[in-house]
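Structure first, commentary second.
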Amino acid sequence: MTTEIRVPTLGESVTEATVATWFKQPGDAVAVDEMLCELETDKVTVEVPSPAAGTMAEIVAAEGDTVGVDALLATLSEGAGAAAAPAAAAPAAASAPASGDAPASVDVMVPTLGESVTEATVSTWFKAVGDSVAQDEMLCELETDKVSVEVPAPAAGVLAEITAPEGTTVDASAKLGVIGGAAGAAAAASPASAAPAAAPAAGGSGRDVEDAPSAKKAMAEAGLSRDAVTGTGRDGRIMKDDVARTLTAAPAPASPAAAAAPRAPVPADDAAREERVKMTRLRQTIAKRLKDAQNTAAILTTYNEVDMTEAMALRSQYKDQFEKKHGVRLGFMSFFTKACCHALKEVPEVNAEIDGTDIVYKNFVHMGIAAGTPQGLVVPVIRDADKMSFAEIEKAIGEKGKRARDGKLSMAEMQGGTFTISNGGVYGSLMSSPILNPPQSGILGMHKIQDRPMVINGEIKIRPMMYLALSYDHRIVDGKGAVTFLVRVKEALEDPRRLLMDL
């Protein structure tokens, strides 16, 4: 017997919701009233319990899908039918072999990618077909719009099949590969195996690599022979970009970061010295978001300069005691974070955002700290920074920065920011205009501390100066508010005692 799981009543005037998280996957056993998934509306979060005991048979509405009241979310196999469900409709379940004494195969599935992320690209396989793997050993790495996700082996055995080669775009419920039992190692590695990595491609070219599915589709639609396309992927595999380059009359592949105009012809001797590398999904997303910010917001930047003498003296005086007591070094980021939180209270529109025709004021500060990583720029968020001490801020920045550099940040750690600080000074930048991080309305750019001659009480003195830049959305923040914010930050840094006195 099959039971349908549907969207419950969401409340007065609420007609739709977004599937936030599935707690169960196809093939999982569930008990009566056990939570299956969580829905988010614009007002509340709704948990969906199981109406019966059985086995999860199919997920109809994936994470990130928007569904209406009474929409079908999933199906549940009850009673005796539960045992058959995993084999028939559950890609996450282990598929038992026909022989009773042969080891079972286990499917390698895409792990949970995070809120609102529905697909990923397979970037690297660490194992090849026929390789032995241990449980929890890393098999491959996926790239999403925000983070990289490592996929561990769900069981020990031999990698018998790779169903999603490098370069393949997969959804949140896709199968990546198959792990066979140890006894099946010889069979898995044999030429008779149906693994895509060992199977010659259709078309009789004799090459022993599997082309990207998107490339196969593009070649079929264009009527191109596989031999007519030069592959630039791993082991010579053909990627979608390779097909696009072959079709000289066709437009460049449509990616979020692709330029509108086609690339000009390149002399053959120059082309031979070029290296073409596909943009990562993170880099594509960065490009798209930055361009969206320029297209949507009325971005303006105002500048000021701050004398860092007092902040540097305070830091120098107490840094050793601070580190001894709190176990973390005292940097300048905590000073700037504190100063911004202080200024945001006086100029709340810099901490607000536009939602349609409404302005949403935030009575809290979730501070985004922009961090450069080998993969690109990410902005981890320190939640409720306005309630933190200097030590708590320094610890949070250090921990988030390390996780960012290691590629271990989760989606939740990069969402919900209300204001951002970007420190270009660590790279030696003396002056720049930061770009907004949508939907935020303000971003502060820090720069290099540079000794310069300044006139102090009628005398020329050498002072450690820093240029500050505030980029803001002029649709919501007026010039007066932007300048006031920047002056308050300047005042707090030039006399840090103001932060203690809340002045």
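Computed values, structure above
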| item | result |
| --- | --- |
| Two-site FRET efficiency, GLU34 against GLN415, from Cβ-Cβ distance with R₀ of 30 Å, rounded to 0.05 | 0.65 |
| Size of region 272-398 as Cα extents on the principal axes (Å, biggest first) | 55, 48, 28 |
| Two-site FRET efficiency, ALA298 against LYS461, from Cβ-Cβ distance with R₀ of 30 Å, rounded to 0.05 | 0.15 |
| FRET E, pair ASP131, ASP495, Förster distance 45 Å, beta-carbon r, rounded to 0.05 | 0.10 |
| Convex hull volume per residue for region 297-501, taking Cα atoms only, in Å³ | 130 Å³ |
| 32 Å Cα-Cα threshold exceeded, pairs from LYS324/LYS362; LYS288/LYS448; LYS400/LYS480; LYS324/LYS448 | LYS324/LYS362; LYS400/LYS480 |
| Built amide H within the under 5 Å cut-off of ASP28, gap 5+ | MET56 |
| HIS474 long-range amide H proximity, modeled H, under 5 Å | ALA298, ILE299, LEU300 |
| Cα pair distances of region 418-494 binned at 10 Å [whole percent] | 18, 43, 29, 9, 1 |
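Here, each number is a calculation from the coordinates, and none is a lab measurement. What you see is a predicted model, and the numbers here were worked out from it, not measured in a lab. All Cβ positions, glycine included, derive from the backbone under ideal geometry; neighbour counts span all protein chains shown.
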